[in-house]
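Engineer: Quick one: the structure is below, questions incoming.
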Amino acid sequence: MLMRFMQRLFSLIVTLIVASILIFCVIEVLPGDPAAFMLGMNAEPEAVAALRAQMGLDAGLVARYFTWIGGWLTGDFGTSYTYRVPVAELIADRVWVSLPLALYALGLSTVIAFPIGIVAAMRRGRAADYGIMGATQLGIAIPNFWFAMFLVVIFAINLRWVQAGGFPGWHDPVAAIRALTLPAISLALPQASILARIMRSALIDTLDEDYVRTARAKGLSRSGVVRAHALRNAMIPVLTIIGLQFSFLLAGAIIIENVFYLPGLGRLLFQAINQRDLIVVESTVMLLVMAVVVVTFLVDLAYAIVDPRLRR
Amino acid sequence: MSLLSVQGLSVRIGALDILRDVSFEMEPGEVLGLVGESGSGKSITALGIMRLLPEVMSVEGAILLQGEALDKLSERRMCARRGRDVGMVFQEPMTALNPLHTIGDQVAETVRLHTRTGRRAARQRAREVLDRVGLEHIGLARFPHELSGGQRQRVVIACAIALAPKLLIADEPTTALDVTTQGEILDLLRRLVREDGMGLILITHDLAVVAKMADRIAVMQLGRIVERGLVTEVLHRPTHDYTRALLAASRHQPVRAARAEAATVLDVRDVVRSYPGTRRLLGRAPPVEAVRGVSFSLHQGENLGLVGESGSGKSTLARALLGLEPVQGGAITLGGQVMDAAAPRALRRRIGVVFQDPFGSFDPRWTVERLIAEPFHLLDNAPPRRPAVEEVLRSVGLQPRDADRHIHAFSGGQRQRIAIARALIIRPDVILLDEAVSALDVQVRAQILDLLAELSARFEVSYLFISHDLSVVRAITDRVMVMQAGRIVESGQTEAVFAAPREAYTRQLLAATPRLPDGIAT
Amino acid sequence: MRARNLILGGTLSGAFALVALLSFVWTPHDVGAISIPDRMLRPSADHWLGTDQLGRDIFSMLMVGARTSLAVALASVGIGMGLGVPLGLTAAARRGGLLDDVIMRGNDLIFAFPSILIAILITALTGPSVWNAILAIGIFNIPVFARLSRGAALSLWSREYIMAARVAGKGAARISAEHILPNIANLLIVQGTIQFSVGILVEAALSYVGLGAQPPLPSWGRMLADAQTLISLAPHMALFPGLAIVLSVLGLNLMGDGLRDAFDPKLSRGRAQ
């Protein structure tokens, strides 16, 4: 168990280091001089040089990389070129929109997917199964941002149940959750469809296992077997997908935030990239990658909770 | 009143009859051996009694357990019978237990399902049952993957007998186990049946197991019971042709010519094969030695047997002999040249192989012609492919036109013939037969053994015959070696070793192997 | 019964491919023809699916957009398969070795970058373009195919027929080409179909946020971006491009499911009561 934990932790750290080098290279090395970018095509060379010095760009590459990473470890991500405020502040504000949104959507998709996946598996080959499979097939095919547009038309514009967009902040939690509900639903729809299908096939696979027959021979009913034996075994592939989904949900959130004008990391990224505020892009991308890697790591640990064979 | 009465049990899928009018009676405390080859309907009969057949199968007939018609019960009432009145043990102990639950919980589950027993009392009961099946030293909190195959089968048995059912059905309960473990499990079953007065239906393909265990026997063929009666009577005076054929095949001994001492083709000296230990937090566990200093030689035209239980290192040794893996000590010489992982093709062509699994040994997408000719890769000047393949197909008793077909068109026995053809086509000095007949039904096995004996005489090829099955090794080899824990503990002329084993381990193996009683009609 | 998915999916996918090809030689209207007086017209006999905010014919734009979608998805599946499958086969052939480790860690690394982040990084480098979308989705596909082919190949490497090929003196590369690849081809085709549909969805999303196809190249995702602000006035502008995405993705997924069923003999197995 400890062995496995240490191995995973090691590979987590290596992945993060390599990812940070990659991002650093793309942002700071390849596209040329950020100072020249900021000041525009006709800037005076002296002005560019002065800005370079101010931004610390005249230091060597390696030194700059370590400055960046060192800053990361102390919570100092540098200063935004355009907003002139610390990047850490910018990101901190936005994280509290994007992260709750992704978690809300993940929770929704799990709550929807589990029961319908289980029903489909238990009624395999019957009408309910075909109905659920057809509906999930459709759910996967619907682009979430398109679905989101129609949710806005129906619930915000026509029914006026919620605001069409924007985010009131967490000082009013009820309003905040209301503002995140439509985005979360639109994010959750395709993910719930995928998860329901995985749940169904994982459960069907485990229902074909020998130990299910053993349990039936002990006198368990069909549904009893599902509760006592099959569900937990089916959780192993389902966990993998839930882990992957977090990454998809973060990516999806970046897009959905645009539909609902939510001030999250996605909006921040797009504004930054349009204004070539690359220092913001650099740290935001790094943060998102870190979130994905850490979730993968946690899922790995969760396997060991489900599966005693991994607890060595 | 009889314990169990099966009347006219028929099972079909669509228009296909799987089970036809199967009827038999059992008295309390009786052991019934249900025997037949694969596909004869033994397991279907068992699952039919348990009413656990797939829904696509339609079932007819009456099943009376102590006079109660199981076939008429609702599914809910039937659930209350399973595990309480009828218990069942399956073939594959490695997959029959839920990997995520402790063994204590799995045994206690049977108790809690059928009785109003609290968690603690059920665990107490589970402890008692596990003690009874010989797992006194195994804690309730252990998981299946921490146990050996034999121990897991004891847990499965414990689940089945926890409530002392009136009837126990054991479907090939020892087929997946080593011979010594098989002996222990059979002894355990016999003891439990005697102590509890249970009826036992023992399903097996092995007549020797029935001879050892059962009071009465029912022989199944193609979904019917073709012969039944007291074991002593049926085995000594079989009336049905099929029973006679089965008995003959079980004791079949191919005719082989005695041969003079010839030159050594394969020489193995002090071979050691070790694997690096598993990775730990810092460094590694010590290396695992699978083969520890094995020496032997194989002569031209000789049939040498290598017997051992799983984990004895015989398969590891086989891979080293084939030059697939390096050795860490000693040397393998084939025709005077050193055989190792870097051996040239010209040397590799001197050894061929036939594997156990007739289904996994062939690429399903290739034609038989391509499959058989694959070893031509080892030749610098391969002869024209088609004539060579047709000739070797004839040698193994198949038709030349079979070369155009794909492997799925062949039965298990035919596939093993094709595997032999593939080994034979480049005329190697040695053919390594790794459990080559273990997966076959007895009648097919007898035919393949005859074929092997004939080819050995005709082509002067030597066999290294690796098997866990002592009776097969006895039938076909001149000399035999017994392997245990990476070492060869005993070797000698086959008959001499079987008649008067010197080592305790060999004696143990022989004692555990069920044998048909002598003097029965064939 | 089981072939129903395959037939329905194949028909839908085939229809979209046909429409995309047809757009090279014929569209009902010129996709570039701006006509402000005809803007935001509802569907009619002349404009089957209406017009957009610049008076362009939506049906014609959808036809040309299908071309973009299919081309991006096809190219990115090509990148993913072309690089991922050899990597996966190599990792499986060297299972447990250093190369296997390096390849799989590399895969984990790419997996840590959702395709939208890759697209953002590439945009930071080169600015937005349709190539950006192809590359981002393609890179995202590499670990998908690498993992799939490694996993499938690993289970084959323990088969006895692979042992027999090794006994016949064949090396890892030859065995991978002769035995492994043909036997995992079915799986790859099914996954290819699925990734094709994922490609269409992601391309639409990237174009929607402005990281994919740029004007004047018509694309379903950008049509939706244009439609968003006008959705109350002209819902048809949002409806039809979305439906085009749904139907093409649905078609491909149904085809993938149908192919999987057709390839997989396990499905004919019965069910325990």
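The values are calculated or read from the model by the stated rules, or taken from the named source; none is laboratory data. Note that the structure is predicted; figures quoted are calculated from it, not measured. Cβ placement follows ideal geometry from the backbone for every residue including glycine, while neighbour counts extend to all protein chains displayed. Protein only, heavy atoms only, side chains kept; ligands, DNA and RNA dropped before computing areas. Shrake-Rupley method; radii C 1.70, N 1.55, O 1.52, S 1.80 Å.
Engineer: Filter segment B:363-382 for residues that are facing chain C (nearest Cβ under 10 Å) and of a type in the set (A, V, I, L, M); which is nearest to the chain's Cα centre (by Cα)?
Structural biologist: B:LEU371
Engineer: If you scan segment B:1-26, which residues turn out to be under 29 Å from the mean Cα position of the chain (by Cα) and small (Gly, Ala, Ser)?
Structural biologist: Within segment B:1-26, B:SER10, B:SER23 meet the criteria.
Engineer: I need every pair where a residue in segment C:123-151 that is at pLDDT below 95 has its Cβ under 8 Å from the Cβ of a residue that is part of a loop (DSSP other than H, G, I, E, B) and polar (S, T, N, Q), sequence separation at least 6 or different chains.
Structural biologist: C:PRO128/C:GLN214; C:SER129/C:GLN214; C:VAL130/C:GLN214; C:VAL130/C:SER219
Engineer: Going through segment A:204-233 one residue at a time, which ones are over 37 Å from the mean Cα position of the chain (by Cα), not in a loop (DSSP other than H, G, I, E, B) and not hydroxyl-bearing (Ser, Thr, Tyr)?
Structural biologist: Those that are over 37 Å from the mean Cα position of the chain (by Cα), not in a loop (DSSP other than H, G, I, E, B) and not hydroxyl-bearing (Ser, Thr, Tyr): A:ARG213, A:ALA215, A:ARG216, A:ALA217, A:LYS218.
Engineer: Identify, by number, the condition in (1) buried (at least 17 other Cβ atoms within 10 Å of the Cβ); (2) not assigned by TED's automatic domain parsing to the domain that holds A:ALA253 that A:THR82 doesn't meet.
Structural biologist: In the conditions (1) buried (at least 17 other Cβ atoms within 10 Å of the Cβ); (2) not assigned by TED's automatic domain parsing to the domain that holds A:ALA253, A:THR82 misses (1) alone.
Engineer: Being in contact with a Leu (Cβ under 6 Å, 6 or more places away or on another chain), open to solvent by less than 70 Å² (accessible area, probe 1.4 Å), closer than 30 Å to C:ILE180 by Cβ and part of a helix (DSSP H, G or I) is the requirement here; does C:ILE103 meet it?
Structural biologist: When the stated conditions are applied, C:ILE103 passes them.
Engineer: Hey, another quick one. Among all residue pairs at least 6 apart or on different chains, which show Cβ distances below 9 Å where the first residue, located in segment A:286-312, is open to solvent by less than 40 Å² (accessible area, probe 1.4 Å) and the second is of a type in the set (Asp, Glu)?
Structural biologist: Close Cβ pairs (under 9 Å, with a partner that is of a type in the set (Asp, Glu)) amount to A:VAL293/C:ASP108; A:PRO308/B:GLU146.
Engineer: I want to confirm something. Restricting to segment A:241-257 and keeping residues that are open to solvent by 30 Å² or more (accessible area, probe 1.4 Å) and either charged (D, E, K, R) or at the interface with another protein chain (Cβ under 10 Å from one of its Cβ atoms) (or both), which single residue is farthest from the chain's Cα centre (by Cα)?
Structural biologist: A:LEU244
Engineer: Now for a different question. Residues that are more than 10 Å from every other protein chain (Cβ to nearest Cβ): find the helices (runs of 4 or more DSSP H) completely inside segment B:1-116 holding 3 or more of those.
Structural biologist: B:42-50, B:103-114
Engineer: Considering only residues that are closer than 22 Å to C:LEU74 by Cα and touching a helix residue (DSSP H, G or I) at 6+ places or on another chain (Cβ under 6 Å), look in segment C:151-188 and name the one that is least open to solvent (accessible area, probe 1.4 Å).
Structural biologist: C:ILE184
Engineer: Hey, among A:VAL174, A:VAL162, A:VAL111, A:VAL119, which residue is within 13 Å of A:PHE260 (Cα to Cα) and assigned by TED's automatic domain parsing to the domain that holds A:ARG232?
Structural biologist: Result: A:VAL162 is the single residue among A:VAL174, A:VAL162, A:VAL111, A:VAL119 that is within 13 Å of A:PHE260 (Cα to Cα) and assigned by TED's automatic domain parsing to the domain that holds A:ARG232.
Engineer: What pairs come up if the first residue lies in segment C:228-246 and is more than 10 Å from chain A (Cβ to nearest Cβ) and assigned to a loop (DSSP other than H, G, I, E, B), the second is of a type outside the set (A, V, I, L, M, F, W, C) and open to solvent by 10 Å² or more (accessible area, probe 1.4 Å), and their beta carbons are under 7 Å apart, counting only those six or more places apart or on different chains?
Structural biologist: Close Cβ pairs satisfying both conditions: C:LEU230/C:GLN53.
Engineer: In addition: Find all pairs meeting these conditions: Cβ atoms under 6 angstrom apart; at least six residues apart or on different chains; first residue within segment C:99-115 and over 27 Å from A:LEU269 (Cα atoms); second residue open to solvent by less than 10 Å² (accessible area, probe 1.4 Å) and among the aromatic types (Phe, Trp, Tyr).
Structural biologist: none
Engineer: Applying the selection to segment B:9-40, what residues are within 23 Å of B:LEU230 (Cβ to Cβ) and among the small types (Gly, Ala, Ser)?
Structural biologist: Result: B:SER23, B:GLY29, B:GLY33, B:GLY36, B:SER40.
Engineer: So which residues in segment B:356-378 are among the charged types (D, E, K, R) and in a helix (DSSP H, G or I)?
Structural biologist: Within segment B:356-378, B:GLU369, B:ARG370, B:GLU374 meet the criteria.
Engineer: Tell me which residues, restricted to segment C:17-58, are among the charged types (D, E, K, R) and either touching a His at 6+ places or on another chain (Cβ under 9 Å) or closer than 15 Å to C:ILE231 by Cα (or both).
Structural biologist: C:ASP38, C:ARG39, C:ARG42, C:ASP46, C:ASP52, C:ARG56, C:ASP57
Engineer: Mind listing just one residue for me: the one in segment B:307-332 that is within 12 Å of B:VAL294 (Cα to Cα) and β-branched (Val, Ile, Thr) and, of those, farthest from the other protein chains (Cβ to nearest Cβ)?
Structural biologist: B:VAL327
Engineer: Go through segment A:266-285 and give me each residue that's open to solvent by less than 10 Å² (accessible area, probe 1.4 Å) and more than 10 Å from chain C (Cβ to nearest Cβ).
Structural biologist: Hits for segment A:266-285 are A:LEU268, A:ASP277, A:VAL280, A:SER283.
Engineer: Scan segment A:184-199 and tell me whether some residue there is within 30 Å of C:ASP108 (Cβ to Cβ) and touching an Asp or Glu at 6+ places or on another chain (Cβ under 9 Å).
Structural biologist: no
Engineer: Right, here's the next one. Return the only residue of C:ALA124, C:ALA165 being more than 14 Å from chain A (Cβ to nearest Cβ) and either among the charged types (D, E, K, R) or in contact with a Lys or Arg (Cβ under 9 Å, 6 or more places away or on another chain) (or both).
Structural biologist: Going through C:ALA124, C:ALA165 in turn, the sole match is C:ALA165.
Engineer: Another question, then. Kindly indicate whether any position in segment C:35-53 is under 29 Å from A:GLY134 (Cβ atoms), free of Cβ contacts under 8 Å to residues at least 24 places away in the same chain and open to solvent by 40 Å² or more (accessible area, probe 1.4 Å).
Structural biologist: Yes, some residue in segment C:35-53 is under 29 Å from A:GLY134 (Cβ atoms), free of Cβ contacts under 8 Å to residues at least 24 places away in the same chain and open to solvent by 40 Å² or more (accessible area, probe 1.4 Å).
Engineer: Identify, from the list C:ALA173, C:ALA165, the residue that is touching a residue at least 24 places away in the same chain (Cβ under 8 Å) and over 23 Å from C:SER23 (Cβ atoms).
Structural biologist: Only one candidate qualifies: C:ALA173.
Engineer: Have a look at C:ARG260, C:ARG222 and point out the one that is assigned to a helix (DSSP H, G or I) and modelled with pLDDT of 90 or more.
Structural biologist: Exactly one of C:ARG260, C:ARG222 is assigned to a helix (DSSP H, G or I) and modelled with pLDDT of 90 or more, namely C:ARG222.
Engineer: Next question. Identify, please: which residue in segment A:142-185 is open to solvent by less than 50 Å² (accessible area, probe 1.4 Å) and within 20 Å of C:ASN253 (Cα to Cα) and is, among those, farthest from the other protein chains (Cβ to nearest Cβ)?
Structural biologist: Taking the candidates together, the pick is A:ASN144.
Engineer: Something else now. Is it true that B:GLU289 is closer than 23 Å to B:THR506 by Cβ, open to solvent by less than 60 Å² (accessible area, probe 1.4 Å) and either modelled with pLDDT under 90 or not assigned by TED's automatic domain parsing to the domain that holds B:ALA485 (or both)?
Structural biologist: Considered against the rule, which asks whether it is closer than 23 Å to B:THR506 by Cβ, open to solvent by less than 60 Å² (accessible area, probe 1.4 Å) and either modelled with pLDDT under 90 or not assigned by TED's automatic domain parsing to the domain that holds B:ALA485 (or both), B:GLU289 comes out as no.
Engineer: Return the residue satisfying two criteria in turn: it lies in segment B:137-184 and is more than 14 Å from chain A (Cβ to nearest Cβ) and not in a loop (DSSP other than H, G, I, E, B), and of such residues it is farthest from the chain's Cα centre (by Cα).
Structural biologist: B:GLN151
Engineer: Could you list, in sequence order, all residues of segment A:94-141 that are out of contact with any Gly (no Cβ under 6 Å at 6 or more places or on another chain) and under 21 Å from A:GLY165 (Cα atoms)?
Structural biologist: Selection gives A:VAL95, A:TRP96, A:LEU99, A:PRO100, A:LEU101, A:ALA102, A:LEU103, A:TYR104, A:ALA105, A:LEU106, A:LEU108.
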